[in-house]
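I have placed the structure first, in the form of structure tokens, so that the comments after it can refer back to it.
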């Protein structure tokens with residue numbers, strides 16, 4: 001039964017996000033038996049608009065706002081000297097401020113241009129669509145899918161794959177007051193889009209939100225981040241001592257590196273060096289430490305997915321930092337665990353949702369970012385690295401522990417719905 005499944009997501013492979021990494025894993029499973037189309041945003045202006053990778057037809061687009069932002073970013077980092085360079089930085093920052101102000105003053109935190117772009121791409125698909133899987137965030141993908149179905153009278157199944165909070169997302173809404181004042185409207189945005197769906201696949205951490213705000217929705221299945229896949233890489237060359245790595249995003253007031261940087265500076269681990277492979281707006285903080293601790297730390301900046309996989313596999317110890325509220329699962333820990341490496345997790349609150357997950361993993365150390373126990377954490381960090389840096393958890397063991405985080409589990413739920421719908425349509 002060869003059917004057509006269309007995923008809607010933000011930036012995608014090879015320069016994707018945590019969400020799109022999950023999407024890619026599920027899409028690869030479905031590609032075995034179905035036609036799969038990926039509709040996504042470009043991560044850069046120069047990226048191909050149409051591409052076929054691993055049997056997936058990838059259609060990328062860019063909104064006018066994203067094009068302008070990309071152009072201003074290129075000028076900002078272009079290295080122009082003197083007044084021109086400073087002017088480019090001012091223009092870039094002014095544009096970012098304008099976007100933030102527009103978002104705060106808007107009725108809801110929804111990028112209408114992004115909704116329209118997703119919907120336009122769906123309208124341009126000529127082949128019959130059997131299922132649309134909008135991945136959120138961005139929640140605009142869910143809104144676009146619902147609108148497409150209602151406006152075209154399509155028979156396509158709508159199955160949102162929800163990873164992140166929308167109504168209660170601190171980073172998305174920028175200011176606590178903005179999130180609080182618009183919360184009831186954002187709950188309505190969620191309800192109006194989700195009521196038109198055929199099945200909702202939501203992460204376990206969203207269960208309390210749905211139970212409280214959307215109890216009338218009965219077609220919800222709770223799943224885990226589909227990131228437990230065997231990651232292949234080139235063999236590591238042991239030529240630089242103990243390699244400790246952080247791979248992922250860092251953002252001020254959300255996922256911040258300050259405590260980790262100061263702690264590692266205070267550590268004395270023979271031959272150990274901390275490597276950062278980061279996106280976000282904390283490069284200045286990391287670079288400040290790397291600049292004066294050149295033998296202990298290095299920042300490699302942003303890298304593509306293939307390089308990130310290689311880094312995770314060749315490192316001795318992997319570092320994770322939870323977002324400050326502790327409500328959001330760090331999807332990266334599943335990729336870390338899939339590599340079987342020792343993990344050191346930094347968290348801020350005792351209710352951090354990642355703690356229960358990591359408690360099931362044999363090689364994890366969780367350290368609370370608390371100044372009162374800073375020196376104790378330094379000792380724990382040193383002892384853990386020295387004791388476990390050469391240890392490894394076999395993939396088969398990880399797969400058994402986190403069976404619902406294996407991509408096939410999520411893909412099979414979609415397959416079952418497709419099969420049931422096909423049978424119903426033929427009767």
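Segment 277-305 and segment 76-151 have Cα centres spaced 28 Å apart. Going from the residue with the fewest nearby Cβ atoms within 10 Å to the one with the most, 108, 353 rank 108, 353.
Note on the chain: with a GNM built from Cα contacts shorter than 10 Å, the maximum mean-square fluctuation among 207, 416, 341 falls on 416. Rounded to the nearest 10 degrees, the inclination of helix 140-152 to the longest alpha-carbon principal axis of the chain is 10 degrees. For segment 273-427, compute the orientation-averaged projected area of the C-alpha convex hull (one quarter of its surface), in nm². Value for segment 273-427: 12.3 nm².
Mean projected area of the convex hull spanned by the Cα atoms of segment 23-73, taken over all viewing directions: 3.8 nm².
In segment 121-181, inverting the average of 1/r over every pair of distinct C-alpha atoms gives 13.0 Å as the Kirkwood radius. Pairwise inverse Cα distances across the chain, averaged and inverted, put the Kirkwood hydrodynamic radius at 22.9 Å.
The GNM of the chain, with springs linking C-alpha atoms under 10 angstrom apart, assigns the highest mean-square fluctuation among 250, 97, 171 to 97.
Put in line by how crowded their Cβ is, counting other Cβ atoms within 10 Å and starting with the fewest, 261, 172 read 172, 261. For the peptides 144-150, 360-366, 83-89, the ranking by packing is 144-150, 360-366, 83-89, with the highest mean count of neighbouring Cβ atoms within 10 Å listed first.
Rg/Rh for segment 339-392 stands at 0.97; both radii use Cα atoms, and Rh follows the Kirkwood definition. Measuring between their Cα centroids, segment 197-276 and segment 309-350 lie 4 Å from each other.
Exposure proxy for 228, 220, 67, 132: other Cβ atoms within 10 Å of each Cβ, ordered fewest to most, give 67, 220, 228, 132.
For segment 171-327, the spread of Cα positions along the three principal axes, ordered from largest to smallest, is 57, 38, 24 Å.
Its Cα gyration tensor gives segment 65-105 an equivalent ellipsoid, and the semi-axes of that ellipsoid, as √(5λ) in whole Å with the largest first, are 21, 11, 5. Of the residues 274, 199, 124, the one that moves most in a GNM of the chain with alpha-carbon contacts below 10 Å is 124. Structural descriptor for the chain: relative contact order 14 percent, calculated from alpha carbon pairs under 8 angstrom and at least 6 residues apart. Helices in the chain, meaning DSSP H runs of at least 4 residues, each add -39500 (n - 2.57). Divided by all residues, the mean residue ellipticity at 222 nm is -13500 deg cm²/dmol.
Whole-percent P(r), segment 352-427, all Cα pairs, 5 Å bins from 0: 3, 12, 14, 14, 14, 10, 9, 7, 6, 4, 4, 3, 2, 0.
None of the figures in this text is laboratory data; all of them are computed from the coordinates on show. As the structure is a prediction and not an experimental result, all values here were calculated from the model. All Cβ positions, glycine included, derive from the backbone under ideal geometry; neighbour counts span all protein chains shown.
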